[in-house]
Amino acid sequence: MARPIGIYEKATPKHFSWKERLEFAKELGFDFVEMSVDESDDRLARLVWSKEERLELVRAIYETGVRIPSICFSGHRRYPLGSNDPELEAKSLETMKACIELAQDLGVRVIQLAGYDVYYEEKSAATRARFLKNLRLACDWAEQAQVILAIEIMDDPFINSIEKYLAVAKEIDSPYLFVYPDTGNVSAWHNDLWSEFLLGHQALAALHLKDTYAVTEQSKGQFRDVPFGQGCVDWPAVFEVLKKTNYQGPFLIEMWSENCQTVEETKAAIRAAQEFLYPLIEKAGLN
């Protein structure tokens, strides 16, 4: 396909080196890999990589020709921008600044931020206000570094629609803040897809392709590990509105295959996703 299509790091074998991961992605026909910096100690440690470690990854990017244009930074689940704990709040800003610096060094253009004020704490007007205050500061740092920040539409009511993102963006008022929707998360909350994307299409930095089970009165939904085509996403409708709004950005297949027993099992799971999604993308004229 002419359109850039990437794969999430957590869909690849966890034991791979970065060069092996990029080669793996290339073998499967992907243009890029999205890095994860989640709340685990090992992935948060990437924020303090040495210059040599950063350079090693840059070399791997150039040698394989597979880019890393984005970081999924969910470390703020552990250290939230809206935290009631001053130490956690300070850590949220420290990790945010470090992630922007890592992005600069690696050539990453977009940092996807989790759209939570807090995750493990009780939400309030104060956590929202603190989140907005610190997001505004983060946008200043991003602007200085020429790195885009993009809010993910989440599995959490705080920002679970593009409409809610647009309200936040209006308050923040930064040219370096965008939205990074997830087809599954947008659909799980019963958002109207046409309204969501028609209102927010000019603010899209990229798009995750993922299926989910919907939130209902009886269920909290399921926001990961749902096979493509078995969840609540109306795929023809998603791709139709993306075509109508002239979306030209990349697609990122978000899936989790790190627990597969073998590399071949991982490849089979990814190819099954490609076999489901690619004909739909081509039919909509988005390839």
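The values are calculated or read from the model by the stated rules, or taken from the named source; none is laboratory data. What you see is a predicted model, and the numbers here were worked out from it, not measured in a lab. Cβ sites come from the backbone with ideal geometry, for glycine too, and all protein chains shown count toward neighbours.
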- Query: Taking the range 173-189, which residues are surrounded by fewer than 18 Cβ atoms within 10 Å (Cβ to Cβ) and of a type outside the set (S, T, Y)?
  - Reply: D173, P175
- Those residues of the range 15-61 which are within 16 Å of the chain's Cα centre (by Cα), over 15 Å from A98 (Cα atoms) and without any contact (Cβ under 8 Å) to a residue 40 or more places away in the chain, in sequence order: V33
- Query: If you go through the range 16-55, how many residues are part of a helix (DSSP H, G or I), surrounded by 16 or more Cβ atoms within 10 Å (Cβ to Cβ) and small (G, A, S)?
  - Reply: 1
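Among the listed residues A98, A2, which satisfies the condition of being under 23 Å from Y180 (Cα atoms), modelled with pLDDT under 95 and among the hydrophobic types (A, V, I, L, M, F, W, C)?
So the residue among A98, A2 that is under 23 Å from Y180 (Cα atoms), modelled with pLDDT under 95 and among the hydrophobic types (A, V, I, L, M, F, W, C) is A2.
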- Does R3 satisfy the condition of being closer than 24 Å to E282 by Cα, outside any strand (DSSP E or B) and touching a strand residue (DSSP E or B) at 6+ places or on another chain (Cβ under 8 Å)? yes
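To keep it simple, each residue is scored yes or no on (1) within 27 Å of P175 (Cβ to Cβ); (2) not charged (D, E, K, R).
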position: L93; (1), (2): yes, yes
position: K97; (1), (2): yes, no
position: R109; (1), (2): yes, no
position: E121; (1), (2): no, no
position: R128; (1), (2): yes, no
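Please find, among G75, G107, G82, G6, the residue that is among the small types (G, A, S) and surrounded by fewer than 20 Cβ atoms within 10 Å (Cβ to Cβ). Quick ask: steps written out before the conclusion?
Details: G75 fails: surrounded by fewer than 20 Cβ atoms within 10 Å (Cβ to Cβ); G82 fails: surrounded by fewer than 20 Cβ atoms within 10 Å (Cβ to Cβ); G6 fails: surrounded by fewer than 20 Cβ atoms within 10 Å (Cβ to Cβ).
Matching residue, one of G75, G107, G82, G6: G107.
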- Counted residues, the range 201-257 - those being under 19 Å from K164 (Cβ atoms), buried (at least 19 other Cβ atoms within 10 Å of the Cβ) and polar (S, T, N, Q): 1
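Under 30 Å from Q146 (Cα atoms) and out of contact with any helix residue (DSSP H, G or I) (no Cβ under 8 Å at 6 or more places or on another chain): which single residue out of Q218, Q202, Q230 fits that description?
Values: Q218 fails: under 30 Å from Q146 (Cα atoms); Q230 fails: under 30 Å from Q146 (Cα atoms).
The match here is Q202.
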- Please enumerate the residues belonging to the range 132-148 that are more than 11 Å from G115 (Cβ to Cβ) and surrounded by 18 or more Cβ atoms within 10 Å (Cβ to Cβ). N134, A138, C139, A142, V147, I148
- Flagged in the range 185-227 as assigned to a loop (DSSP other than H, G, I, E, B), among the hydroxyl-bearing types (S, T, Y) and farther than 23 Å from F73 by Cβ, in numbering order, are T216, S219
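For the range 103-184, which fully contained strands (runs of 3 or more DSSP E) count at least 2 residues that are free of Cβ contacts under 8 Å to residues at least 40 places away in the same chain?
Values: elements: 110-114, 148-152, 177-180.
So the answer is 148-152.
Hey, does the range 63-83 have a residue that's over 17 Å from the mean Cα position of the chain (by Cα) and of a type in the set (F, W, Y)? I'd like the intermediate steps shown before the answer.
Just the residues of the range 63-83 that are over 17 Å from the mean Cα position of the chain (by Cα), to begin with: 63-66, 79, 81-83.
Within this subset, residues satisfying the condition of being of a type in the set (F, W, Y) are 79.
Looking for residues that are over 17 Å from the mean Cα position of the chain (by Cα) and of a type in the set (F, W, Y), one finds at least one in the range 63-83, hence yes.
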